[in-house]
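Undergrad: This structure is in structure tokens; I'll ask about it shortly.
The values are calculated or read from the model by the stated rules, or taken from the named source; none is laboratory data. These numbers were taken from a predicted model, which means no experiment stands behind them. Methodologically, a virtual Cβ is constructed for each residue, glycine included, from the backbone with ideal geometry; neighbour enumeration extends over all protein chains shown. Heavy atoms of the whole protein, side chains included, go into the accessibility calculation; ligands, DNA and RNA do not. Shrake-Rupley method; radii C 1.70, N 1.55, O 1.52, S 1.80 Å.
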Amino acid sequence: MKVLLINGSPKRQGNTFRALTEVATVLEANGIETEIISIGTKAVQGCIACNKCNELGRCIFQDELYNTVRERMKEADGLILGSPVYYAGPNGSLCALLDRLFYSASEFFEYKPGAAVAVCRRGGASATLDRLNKYFTIQNMPVVPSQYWNIAHGLFPGEVEQDPEGLQTMRTLGRNMVWMLNNLQPCNAPEPEPERAWTNFIR
């Protein structure tokens with residue numbers, strides 16, 4: 001089994017990365033392969049609502065980040081999103097990527113456990129988690145919990161080490177992801193039949 005972790009911070013080795021590695025360490029210790037992909041510092045194309053993905057089966061934009069995550073999600077059994085807090089929300093570049101992925105490659109996400117991690121200096125983490133969790137709950141993905149909200153604190157790289165409860169929360173998240181993956185894996189029940197009734201609230 002494999003879990004994909006996305007570091008939504010432009011800092012490749014910052015506090016968000018450190019929080020994700022704490023989760024990944026627990027996953028690896030339990031025999032689950034992990035990969036952390038960082039979104040980096042390049043501009044990320046947002047969705048332009050062209051709906052070409054409905055014809056092509058993928059986003060019309062061919063950027064490397066989108067292509068890489070899309071391909072990795074084909075094989076992944078679970079997904080963990082990590083983001084720093086920007087103005088009480090996730091990094092906009094991360095959301096631009098996720099908007100395109102979840103809309104154009106939804107079949108690669110359905111029924112795979114997902115979890116979000118927020119790293120903040122002081123506040124805004126709960127709103128960030130709420131925003132990221134919405135990607136999971138619109139795509140039939142079971143949300144993996146922890147013993148506290150998946151939050152770690154720190155501003156400058158390395159400061160998250162001073163938040164032992166935050167790192168403890170990450171380890172618990174890792175153990176809960178292992179538990180959920182192990183319990184979902186043997187299930188041979190077919191996926192629920194989806195209903196598709198679209199209502200645009202136009203009279």
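Undergrad: Can you list the trypsin sites (Lys or Arg not before Pro) in segment 57-147 that are in a DSSP coil and have 14 or fewer other beta carbons within 10 angstrom?
TA: Numbers: sites: ARG58, ARG70, ARG72, LYS74, ARG100, ARG121, ARG122, ARG131, LYS134; in loops: ARG58, ARG121, ARG122.
Passing both the DSSP loop test and the Cβ count: ARG121, ARG122.
Undergrad: Under 18 Å between alpha carbons, and skipping anything fewer than 8 positions from LYS42 in its own chain: which aspartates and glutamates qualify?
TA: ASP63, GLU64, ASP99
Undergrad: Could you give the size of the charge dipole of segment 94-203 about its Cα centre, using +1 on the Cβ of each K and R and -1 on the Cβ of each D and E, expressed in debye and rounded to the nearest 20? Kindly include the intermediate steps, with their values, before the conclusion.
TA: Values: 10 positive and 11 negative charges, 48 e Å.
The calculation lands at about 220 debye.
Undergrad: What accessible area per residue comes out for the chain, rounded to a whole number of Å², with a 1.4 Å probe?
TA: 55
Undergrad: Can you pull out the chymotrypsin sites (Phe, Trp or Tyr not before Pro) in segment 42-146 whose DSSP state is coil and whose Cβ has at most 16 other Cβ atoms within 10 Å?
TA: Of the chymotrypsin sites (Phe, Trp or Tyr not before Pro), the ones in loops of segment 42-146 whose Cβ has at most 16 other Cβ atoms within 10 Å are TYR87, TYR111.
Undergrad: Per residue of segment 153-160, in order, report the coupling 6.51 cos²θ - 1.76 cosθ + 1.60 (Karplus, θ = phi - 60°) as ³J(HN,Hα) in whole Hz, putting x for Gly and Pro.
TA: These are the phi-based 3J(HN,Hα) values: 10, x, 9, 7, x, x, 5, 4 Hz.
Undergrad: For segment 1-86, just say rounded, prolate or oblate: build the C-alpha gyration tensor, square-root its eigenvalues into a ≥ b ≥ c, call rounded for a/c under 1.5, and beyond that prolate if a/b exceeds b/c, oblate if not.
TA: oblate
Undergrad: Starting at the first residue of segment 82-91, write each ³J(HN,Hα) from the Karplus equation 6.51 cos²θ - 1.76 cosθ + 1.60 with θ = phi - 60°, in whole Hz, x for Gly and Pro.
TA: x, 8, x, 8, 10, 6, 6, x, x, 4
Undergrad: Report the dimensions of the chain along its three principal axes from the alpha-carbon atoms, largest first, rounded to Å.
TA: 51, 40, 36
Undergrad: Given the pairs LYS2/LYS134; LYS11/LYS112; LYS74/LYS134, which span a C-alpha to C-alpha distance of over 24 angstrom in this model?
TA: Table pairs above 24 Å Cα-Cα are LYS11/LYS112.
Undergrad: Using a simple spin-label model with points 7 Å from Cα along the Cα→Cβ vector, what separation in nm is obtained for GLU28 and ARG72?
TA: About 1.4 nm, to one decimal.
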